[in-house]
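What follows is a set of notes on a single structure, which appears directly below.
The values are calculated or read from the model by the stated rules, or taken from the named source; none is laboratory data. All of these numbers come straight from a predicted model, not from anything done at the bench. Using ideal geometry, Cβ is built from the backbone for each residue, glycine included, and neighbour counts are taken over all protein chains shown.
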Amino acid sequence: MKTQLVIFDLDGTLLNTIGDLAVACNAVLALRELPEHTYAEYCHFVGNGIMRLVERALPEELRTAENVAAVRADFVKYYTEHIDIHTKPYAGIPELIAELVHRGVSLAVASNKFQAGTEKLIRLFFPGVEFAAVFGQRPDVPLKPSPAVVEEILALTGVARERVLYVGDSGVDIETAAAAGVRSAGVTWGFRDRGELVAAGARHIVDKPAELLELL
């Protein structure tokens, strides 16, 4: 086994969170009597942090710094309180995590979701699993596709780059892995399609969680 550490994206990779993200964002839009969006649209709004999600959801003429900040604050409050109503792990993910733990592979999470939300979801859906790091969006740390979060995880764990596999569902994830100099695997069960993963240069593409075991 050459892989000592697997770094997972969260939304669209470990957990199907789009239902709660969509409901929360639509709720704060409805409060302002603004147009709401479909689940399919939200699949393309997410991936670059809450600020960009809110920005994309707002009508273009309302995307001022003040409006985005106000809607983001309302979104974070609503979403944090309703974070696990529709969210659930993708089929096969709990079994994959259990098998990785059994094999002694270290686990980490690198997400563009705000830190408190990232931590809460990991606690709720993976209780008892010891992650080497659970990092979301934090002040002064650039969002993915900056490699900053991966570099932080590597420094924390001391694992060599060649023994790391980064797993995500979007082009942002594949670009992050490339920027950090680690292997990447794109997953097709998330929010983006195979074409985006191919275009971003994914080294591996898998259709089921268990297939990731073959890449270790």
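Results for (1) within 19 Å of Lys2 (Cα to Cα); (2) surrounded by fewer than 16 Cβ atoms within 10 Å (Cβ to Cβ); (3) assigned by TED's automatic domain parsing to the domain that holds Glu211, shown as yes or no for each residue.
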position	(1), (2), (3)
Leu124	no, yes, yes
Arg138	no, yes, yes
Ala155	yes, yes, yes
Gly168	no, no, yes
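Of the helices (runs of 4 or more DSSP H) lying entirely inside region 35-120, those containing at least 1 residues that are farther than 17 Å from Ala22 by Cα are 65-81, 93-102. Would you say Ala108 is of a type outside the set (Phe, Trp, Tyr), within 29 Å of Glu152 (Cβ to Cβ) and assigned by TED's automatic domain parsing to the domain that holds Val167? It is true that Ala108 is of a type outside the set (Phe, Trp, Tyr), within 29 Å of Glu152 (Cβ to Cβ) and assigned by TED's automatic domain parsing to the domain that holds Val167.
Taking only pairs six or more apart or across chains, which ones have beta-carbon atoms under 7 Å, a first residue in region 20-36 that is free of Cβ contacts under 8 Å to residues at least 24 places away in the same chain, and a second residue that is not hydrophobic (A, V, I, L, M, F, W, C) and not in a loop (DSSP other than H, G, I, E, B)? Listed pairs, sorted by first residue: Ala22/Tyr39; Ala22/Tyr42; Glu36/Asn26.
What number of residues within region 127-143 are assigned to a loop (DSSP other than H, G, I, E, B) and touching a residue at least 60 places away in the same chain (Cβ under 8 Å)? Going through region 127-143 one residue at a time, the tally reaches 2.
Here's the yes/no breakdown for (1) closer than 17 Å to Val54 by Cα; (2) among the aliphatic types (A, V, I, L, M):
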position	(1), (2)
His86	no, no
Leu96	no, yes
Ala110	no, yes
Phe114	yes, no
Lys120	no, no
Leu124	no, yes
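Identify all residues within region 1-34 that are over 20 Å from Ile205 (Cβ atoms), assigned to a loop (DSSP other than H, G, I, E, B) and hydrophobic (A, V, I, L, M, F, W, C); write none if there are none. If the condition is that a residue be over 20 Å from Ile205 (Cβ atoms), assigned to a loop (DSSP other than H, G, I, E, B) and hydrophobic (A, V, I, L, M, F, W, C), then Met1, Leu34 are the ones that fit.
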